[in-house]
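K.L.:
Sharing a structure below in structure tokens format, with a few things to ask.
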Amino acid sequence: MSSPRPLFIPIILGTPRQGRMSEHVARFVLEEVRKRQGVETELIDVRELKLPITDAGEQIKDPQFSATVSQSDALIIVTPEYNHGYPGLLKHALDSNLKEYIHKAVGICGVSAGSFGGARVIENLLPVM
């Protein structure tokens with residue numbers, strides 16, 4: 001009898017900004033997920049995606065990102081809160097890959113130095129998911 005394959009749950013770091021504090025959080029989450037038996041993970045940095053900004057819809061997909069998201073069992077998104085919202089490049093990446101992540105479980109980790117600790121970015125990202 002073969003053992004079940006491990007779950008694949010990548011962590012998406014959702015901002016390309018220089019000096020981003022959310023990178024520390026994403027690396028912490030990555031290490032915590034790696035400790036889980038039966039789970040494989042990797043860090044996807046939106047800064048490294050090759051996404052043109054033309055209005056071409058799904059034709060602008062980064063092939064490697066699309067394949068990774070398609071193969072995933074679930075996703076964890078680590079994103080900072082920018083003026084109560086989420087980074088545009090994160091939304092751009094998600095919008096171009098709806099078919100790859102629709103109907104999958106998604107965990108959202110909001111990062112903010114404000115008093116609400118990222119709750120508003122989570123609230124605003126939920127309808128996207």
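K.L.:
So if R0 is 30 Å, what FRET efficiency would Phe28 and Tyr82 give, r being the distance between their Cβ atoms, rounded to the nearest 0.05?
P.N.:
Computed FRET efficiency for Phe28 and Tyr82: 0.90.
K.L.:
Let me know the longest stretch in the chain that avoids all trypsin sites (Lys or Arg not before Pro) found in a DSSP loop with at most 15 other C-beta atoms within 10 Å. Don't skip to the end; give the middle numbers.
P.N.:
On the way: sites that count: Arg17, Lys35, Arg36, Lys50, Lys104.
Longest gap between qualifying sites, sites excluded: 51-103.
K.L.:
Moving on. Mind counting lysine pairs for me in the chain? Cα separation below 17 Å, and the two need to be 8 or more apart along the chain or on different chains. Show your work: numbers first, answer last.
P.N.:
Values: Lys50/Lys61; Lys50/Lys91; Lys61/Lys91; Lys61/Lys99; Lys91/Lys99; Lys91/Lys104.
Number of lysine pairs found: 6.
K.L.:
What percent antiparallel are the DSSP beta bridges of segment 1-114, to the nearest 5? All intermediate terms of the calculation are to be shown ahead of the outcome.
P.N.:
Details: 1 of 16 bridges.
If we restrict to bridges inside segment 1-114, about 5 percent are antiparallel.
K.L.:
Among Leu75, Gly114, Phe28, which residue has its Cα positioned farthest towards the positive end of the charge dipole of the chain, with +1 placed on the Cβ of Lys and Arg, -1 on the Cβ of Asp and Glu, and the dipole taken about the Cα centre?
P.N.:
Among Leu75, Gly114, Phe28, the one farthest towards the positive end of the dipole of the chain is Phe28.
FYI, it's all coordinate maths here, none of it is from the lab. All figures in this text were calculated on a predicted structure; none of them were measured in a lab. Glycine also receives a Cβ, built like all others from the backbone with ideal geometry; neighbour counts cover every protein chain displayed.
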